Amino acid sequence: MGLFDSIFGKEKVWQYSATLSINTPKYILEKHDEVVRSKSEPKLLGEPTGHNKFDGNKPYNNLGIWCETTDYALEGGYDSVPDLIGVPTEIGRLKQKSKALKDWISYLIDFRTIVESDMSIEEKLYQINDVMSQSSEEYKSIYKKLVTQAKFPDDFFKNQLSTLNGVSSKTAGLLWDAGYLSPEAVKNAPEEELLKLKGIGKALVKKIKIK
């Protein structure tokens, strides 16, 4: 290695910034703030949802991004813009490196652990509403904010019903209120039961049942 490389090195420093949301998968959340040293940008985490034509058609998704940084910045050498404006979350903007943000990330990971488990929706709701929400003062505060600002956790699970073919957010609400709490429950329901619901016709049931 030459003198230039020994001083400056060829590798760049990359830090992953996950989207800190209740919709972000657990494995992505656990990658938040991970640092990688590489000559080129590390591979995108998760499947791409599009390509940036203004940046060499680079793939992207809404789960997070790799940001080029420096060791000086990682060691707190200067305040960054995100530190000043805060990180956007469902409970408001939280300052980087703050205890509030650490609590939020911990909450998200525990929440996603429940969501991604094999428990029934009823058990998941119980764990979120009655167990996890009471496990600490920090979690209790976060839960209250989510309930107030995002109609949590019902709307989170209700929105999953909108992934069914032809199901709008309004129809998802009808299904949820009728006791169909998951896409699987709707798909497995007898057609005659679904047709009894106001606003659901044969054409929609046919779309829902498509595999």
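A few comments on the model shown:
- Cα shape, segment 157-209, gyration tensor, a/c 1.5 rule: rounded
- For segment 8-78, the gyration tensor built on C-alpha atoms gives an oblate shape. Its axis ratio a/c (a ≥ b ≥ c) is at least 1.5, and a/b is not larger than b/c.
- Taking the convex hull of the alpha carbon positions in the chain and averaging its projected area over all directions gives 16.0 nm².
- Listed residues Ile200, Ile109, Ile128, most fluctuating in the chain (Gaussian network, C-alpha, under 10 Å): Ile200
- Restriction of the trypsin sites (Lys or Arg not before Pro) in segment 100-205 to DSSP coil positions whose beta-carbon has at most 14 other beta-carbons within 10 angstrom yields Lys151, Lys196, Lys198.
- When the Gaussian network model of the chain links Cα atoms closer than 10 Å, the mean-square fluctuations of Ala150, Ala189, Ala172 top out at Ala189.
- Out-of-range pairs (alpha-carbon distance over 28 Å; input Lys12/Lys145; Lys58/Lys145; Lys95/Lys151; Lys124/Lys170): Lys12/Lys145; Lys58/Lys145
- Segment 20-67: chymotrypsin sites (Phe, Trp or Tyr not before Pro) falling in loop per DSSP and having at most 13 other Cβ within 10 Å: Phe54
- Using R0 = 41 Å, the C-beta based FRET efficiency linking Ile210 and Lys10 works out to 0.20.
- For the chain, a Gaussian network of Cα nodes joined below 10 Å ranks Gly76, Gly173, Gly56 by mean-square fluctuation, and the top entry is Gly56.
- Global geometry of segment 90-175, whether rounded, prolate or oblate, following the gyration tensor of its Cα atoms and the 1.5 cut on a/c: prolate
Coordinate-derived values only; no laboratory data. Bear in mind the structure is a predicted one, so any value in this text is a computation, not a measurement. Here the Cβ is made from the backbone with ideal geometry for all residues, glycine too, and neighbour counts use every protein chain on show.
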